[in-house]
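Take a look at the structure set out below.
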Amino acid sequence: MKILWNDQILEDSEVAIDFEDRGYQFGDGIYEVIRIYDGCMYMEKEHLDRLWVSAEKIRMVLPFTREELSQRLHRLVKEVGLANARIYFQVTRGVAKPRLHDFPDPKEVTPVLTADVQAVTRPAAKQNIGIRAGFVEDKRWLHCDIKSISLLGNLLALDEAKQKGYEEAVLVRDGFVTEASASNLWMVKNDILYTHPDGNLVLPGIAKIKIREIAKAFGLEVREEAFTREALLAADECFKTSSVAEIMPIVEIDDQKIGEGMPGKLTKKLLNAYIEAIQLTVQSHLNEK
Ligand SMILES: Cc1ncc(COP(=O)(O)O)c(C=O)c1O
């Protein structure tokens, strides 16, 4: 398997992550996942923008320009040669010896970049029938806007839901729904779309940006306001969004049907439009080549 390691592309067996890499010891790093369709990185600019925002929020100075990072990612995607995939890349604060909590001097310690590409296909079967979720108390930290590699809070939430037999966790903080364990959460009530506003309690999703655009084009009202667990249970439709899951209907929460207990009509309409938007972008990328 090929791995991007800083500016080199190597076999995974040749990559040597240092024991004192701060990502390994502290989870001190940030990451992104970009979906690749027909060899094109979808919404690359938005993902890179978010990486730079995350870096700023954790006071990390990235050791490359956007162009340099983009070139390296494209090189890896080309070398791996998978048409439908995702690229995962992370940047840790680097190797600082000995292990100390203090952030190291950025003039002395350089952040470490790694990336891999794995095949991914649209989860079409699940998108057709939807998934079953369970409510889980959102006990994560208060910097959920940072795409941090420290995902233990999210993993614990997902595991709690799975242990109860559900496929996903719908996170609830102080009675209000925030997001799912690795996606943003939406509900539809009386043809109005609701989702938690961006801020420190949710990740500002890239798929969310696209849904806003599509909803606008359809003339659908989007209200970015927090809603309660009870409001969600009384909703007509519910779905989650992420770059990899795209739009995934949630048809039951805590064994209670949402709407008819099937993917809703607006959810399906948005998903079709989302897929069309991808196809248009990919086509225009391919035409440019
Ligand atoms: C906690 C969380 N919220 C939302 C998202 C959706 O983000 P995006 O649409 O950029 O994939 C993710 C994606 O990994 C996530 O981990």
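Summarising the amide proton neighbourhood of D254: residues at separation of 5 or more, or on other chains, whose placed amide H is nearer than 5 Å comprise A133, G134, F135. The Cα trace of segment 90-146 gives Rg and Dmax of 19.4, 52 Å, the first to one decimal, the second as a whole number.
Relative to the longest principal Cα axis of the chain, at what angle does helix 206-217 sit, 0 to 90 degrees, rounded to 10? Tilt relative to the chain: about 40 degrees.
The alpha carbon convex hull volume per residue for segment 124-279 rounds to 101 Å³. Can you give me the C-alpha center-to-center distance between segment 209-272 and segment 37-78, rounded to a whole angstrom? So the separation of the two Cα centres works out to 29 Å.
Averaged per residue, what accessible area in Å² does segment 124-279 show with a 1.4 Å probe, protein chains only?
45 Å²
How much net charge surrounds W52 when only the other residues with a Cβ under 12 Å from the Cβ of W52 are counted, with Lys and Arg +1 and Asp and Glu -1? Net local charge, W52 excluded: +1.
Placing H101, H196, H74 in order of accessible area, with the largest value first and a 1.4 Å probe, yields H101, H74, H196.
The Cβ shell under 10 Å around D7 holds other residues with a net charge of +1, Lys and Arg each +1, Asp and Glu each -1. The residues of segment 2-119 present an accessible area of 51 Å² per residue when probed at 1.4 Å with all protein chains retained. Taking amide H positions as modeled 1.01 Å from N, with prolines and chain starts lacking one, the residues under 5 Å from G29 and 5 or more places away or on another chain are I149, S150.
From the largest down, the chain spans 56, 47, 31 angstrom on the principal axes of its Cα atoms. To the nearest 10, the accessible area of K257 is 130 Å² with a 1.4 Å probe. Here segment 2-119 yields Rg over Rh of 0.97, to two decimals, using C-alpha coordinates and the Kirkwood radius. Cross-link partners of K257 among lysines, defined as those whose alpha carbon lies under 29 angstrom from its own and excluding same-chain residues fewer than eight positions apart: K126, K139, K162, K164, K189, K208, K210, K216, K240, K265, K268, K269.
The values are calculated or read from the model by the stated rules, or taken from the named source; none is laboratory data. If you're wondering where the values come from, they're calculated on a predicted model, not measured in any experiment. Using ideal geometry, Cβ is built from the backbone for each residue, glycine included, and neighbour counts are taken over all protein chains shown. SASA here: full protein model, heavy atoms, side chains in, ligands and nucleic acids out. Shrake-Rupley method; radii C 1.70, N 1.55, O 1.52, S 1.80 Å.
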